[in-house]
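Coordinate-derived values only; no laboratory data. Fair warning: this is a prediction, and the values are worked out from it, not measured in the lab. Reconstructed Cβ throughout: ideal geometry from the backbone, glycine too, with neighbour counts over all protein chains shown.
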Ligand code: MSP
């Protein structure tokens, strides 16, 4: 049996699972199910990305050690995939010691091949992305995320791989898909590649380098390697191992924002280590909710479990695969989801299934009849044959939405065929021709339903299994082969079942309300998970300072006299702040998502008055406001009552 190995990204543990993560994992699970039903021995790997500064910070905010914190959140991801019925064969955590074996092994191979060196680097560093960024990138990023860092790093000689990478994309156009992403990646590589910093000495929460344990591996060299460590690389990777069987991987499924890491860095690391390259990196689009990609800071997050509890796993899977064109961005809406569920699942296949079984019970004694030759089959057999071929082809190309459209056109034709032949009238007529036509109509209907059911099993596994059983079919529909599916497989005489609605119809308004209520509960649950309500034992690990050091900071009470938004920046406000000097100061502050300009005017706030002026978005900022980032991820200003004297020194 051929092997098929597919991955999802490993998810960061500084956010609880949301529907964006579920989307990739559901698609990966669907692809795995399709490959199984095409005869492959298919495996899916996923996991959690646990190292780095952001996680260290989130753990501290939760009052936990990084390991405790990551244990908790990574378990939440695992539990989520279980509850959604996603069949992940491997779940690799980057904090697993077995993972470190693989990271070190690849690093040592890169080192031995001269692809790694030690150097010093000073650059603009993005705290959110944990990466050095170009001046251009820094200029367009949120300012408070950018800082300057100088440190000794191990570097990967990415610049040496430009030609080889271009050759790879040229000779294997399917390596990066869809084509638009491939073009982007090629343009990026053609523009020239900088060497890549792959270690940090300022960070403790990571895997130490084997040759220099003062350094830990930095994000991508560590994270990408899970695809190999999950199947035993570095641990059991000899003959007969999972690694030997499954590497190179068939598809890395990723969101479009991380295609570069997978399609540029990762193959370069593997080339340097002399290891086989993945066969494909497939980048999908984003689920957009309330106008943007979901993010913790924006708070526009939807979770999968509240949806599952109302429309079931199938309702969620079907919506994501049918409504969103795979590869493109798509809007998420609870209402559209419920409307789709009703139209296609409840009124579509669900209704056809109950109609078929009740007609078989009523007119044929609950048994599949025979389709007598010469009766009108309404063109269903050739249409079904065509549909099988097309759906498989589209599934292979990950064109899920189109494949589902094809299958629904078979279902629509079947519904029409029933209406045209009116089995209820045929049953009343007392002649043998009508009887033959009645039986043929019900045979053809049931057979079309069986074919649709098998084709749909990878997308709506729960309902497909119920319909399978309703049609009296033995075993699991998931064990059927898509590529062996043929018209005529339903055996006359098979006893069919009777069953309550496979997909009960839902009231749209009520369902949306239930999902939103459950969502609010899930949010609280998530806050508990992330430890937001447990800041008790916050350990402070910054070095102690002398009082004289503190005295160097000139902290003042200031009052905001005027406030405006800075053009092209979501976060930045330009404030005119009076700190008791002759002229008010101009201060730029990244609080604009939390505070509007109107709320700022008249507010008394704490200002660092002797900070070296900094240029931000072309403006000089002459100070800094003091704020705490609370568990909601938003800045909360330290402020004073109206009677606080302007210019008073804090300390
Ligand atoms: N840890 C890195 C990946 C390392 S892979 C070696 C990471 N993690 S993440 O938690 O931010 O997850 C990113 C992935 O989650 C995206 O690439 C995508 O697969 C999925 N999605 C997260 N939000 C999403 C949407 N709003 N829409 C669609 N997918 C989204 O990046």
* Length gain on complete extension for the stretch residue 525 to residue 509, per 0.36 nm per residue less the alpha carbon to alpha carbon distance? -> 3.3 nm
* Asked: For helix 380-396, what angle does its Cα long axis make with the longest principal axis of the chain, in degrees from 0 to 90 and rounded to 10?
  -> 20 degrees
* Asked: Hey, what's the Cα Rg ratio for segment 429-495 versus the globular rule of thumb, 2.2 N^0.38 Å?
  -> 1.24
* Asked: Pairing the Cα long axis of helix 400-421 with the longest principal axis of the chain, what angle in degrees results, from 0 to 90 and rounded to the nearest 10?
  -> 30 degrees
* **Cα-based helix-to-principal-axis angle, 304-323 vs the chain, degrees rounded to 10** => 70 degrees
* Two-decimal ratio, segment 152-217, of alpha-carbon radius of gyration to 2.2 N^0.38 Å -> 1.46
* Structure fact -> The simple spin-label model distance between residue 476 and residue 68, using points 7 Å out along Cα→Cβ, in nm, is 3.9 nm
* Structure fact -> Cα extents of segment 3-284 along the principal axes, largest first, in whole Å, come to 53, 49, 38
* In Å and whole numbers, how far do the C-alpha atoms of segment 68-132 stretch along each principal axis, longest first? -> 46, 30, 22
* Asked: In a Debye calculation with equal point scatterers on the alpha-carbon sites of segment 301-352 and no solvent, what is log10 I(q)/I(0) at q = 0.15, 0.19 Å⁻¹?
  -> -0.39, -0.61
* Counting other beta carbons within 10 Å of each Cβ, put 142, 517 in order, fewest first. => 517, 142
* Structure fact -> Counting only DSSP beta bridges fully inside the chain, the antiparallel percentage to nearest 5 is 70 percent
* Segment residue 164-residue 498, length gained on full extension (0.36 nm per residue, minus Cα span) -> 114.2 nm
* To do: Name the shape class, rounded, prolate or oblate, that the alpha-carbon gyration tensor gives for segment 110-203, where a ≥ b ≥ c are the square roots of its eigenvalues, rounded holds for a/c under 1.5, and otherwise prolate holds if a/b is larger than b/c and oblate otherwise.
  => oblate
* Over all distinct Cα pairs, what is the inverse of the mean 1/r for segment 219-266, reported as the Kirkwood hydrodynamic radius in Å? -> 11.6 Å
* Rule-of-thumb check for segment 545-640: C-alpha Rg over 2.2 N^0.38 Å? -> 1.06
* To do: Report the FRET efficiency, 1/(1 + (r/R0)^6), for residue 241 and residue 412, where r is their Cβ-Cβ distance and R0 is 56 Å, rounded to 0.05.
  => 0.70
* To do: Provide the gained length on full extension for the span residue 187 to residue 41, in nm with one decimal, where the gain is 0.36 nm per separating residue minus the Cα-Cα distance.
  => 49.0 nm
* Asked: In whole angstrom, how long is each semi-axis of the equivalent ellipsoid of the chain, when you take the square root of 5 times every eigenvalue of its Cα gyration tensor and sort them from largest down?
  -> 55, 31, 20
* Arranged by the count of other C-beta atoms within 10 angstrom, fewest first, what order do 333, 58, 140 take? -> 140, 333, 58
* Using the number of other C-beta atoms within 10 angstrom as an exposure proxy, rank 436, 107, 161 with the fewest first. => 436, 161, 107
* Give the residues of segment 446-464 whose amide nitrogen is closer than 17 Å to a point set 7 Å from the Cα of residue 358 in the direction of its Cβ. => 446
* Under a plain spin-label model, where a point goes 7 Å from the Cα along Cα-to-Cβ, how far apart in nm are residue 424 and residue 147? -> 7.3 nm
* Structure fact -> Debye calc, one equal point scatterer per Cα of segment 1-93, no solvent, log10 I(q)/I(0) at q = 0.19, 0.21, 0.23, 0.24 1/Å comes to -0.82, -0.94, -1.06, -1.13
* Extending each Cα 7 Å along its Cβ direction at residue 171 and residue 367, get the distance between those two points in nm, one decimal. => 6.3 nm
